[in-house]
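Taking it in order: structure first as structure tokens, then the write-up.
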Amino acid sequence: YSSKDLHGAEYIDSYVFNKVEDIRFNSTVGKFVGYTELGLKNAEAWNKGSELAQELGELERYCKPNAAIDYSAILDKTGEQG
């Protein structure tokens, strides 16, 4: 995200094995995308199952509330010393 109102926030969940990204969920794309043979198979299955619904809700459930906390705790400070 690039603004305080969190418009355009994006949730990305990557699954990596041996330094190779197999599969990724991106909230902007709205589905899992596979990058390896195993990742393609998992993406197809996960996009048809309950995993997709769970991931779609993470942006609102987890990301935005925590980003708002970060703003209030860190980014809104004006350089107070003491």
Original post:
How many residues, within the range 28-81, are hydroxyl-bearing (Ser, Thr, Tyr), outside any loop (DSSP other than H, G, I, E, B) and either in contact with a Cys (Cβ under 6 Å, 6 or more places away or on another chain) or at pLDDT 85 or above (or both)?
Top reply: 1
Original post:
Has the range 40-57 got at least one residue that is open to solvent by less than 30 Å² (accessible area, probe 1.4 Å) and of a type in the set (D, E, K, R)?
Top reply: yes
Original post:
Restricting the first residue to the range 11-22 and requiring it to be touching a residue at least 24 places away in the same chain (Cβ under 8 Å), which pairs with a second residue that is open to solvent by 70 Å² or more (accessible area, probe 1.4 Å) and in a strand (DSSP E or B) meet a Cβ separation below 8 Å and a spacing of at least six or different chains?
Top reply: Asp13/Arg24; Tyr15/Arg24
Subject >> Output for the range 1-26, where each listed residue is modelled with pLDDT of 90 or more and either buried (at least 16 other Cβ atoms within 10 Å of the Cβ) or of a type in the set (D, E, K, R) (or both) >> reply: Asp13, Tyr15, Lys19, Glu21, Asp22, Ile23, Arg24, Phe25
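The values are calculated or read from the model by the stated rules, or taken from the named source; none is laboratory data. Remember, predicted model here, so these are calculated numbers, not experimental data. Using ideal geometry, Cβ is built from the backbone for each residue, glycine included, and neighbour counts are taken over all protein chains shown. Please note that ligands, DNA and RNA were not included when accessible areas were found on the heavy atoms of the full protein model with its side chains. Shrake-Rupley method; radii C 1.70, N 1.55, O 1.52, S 1.80 Å.
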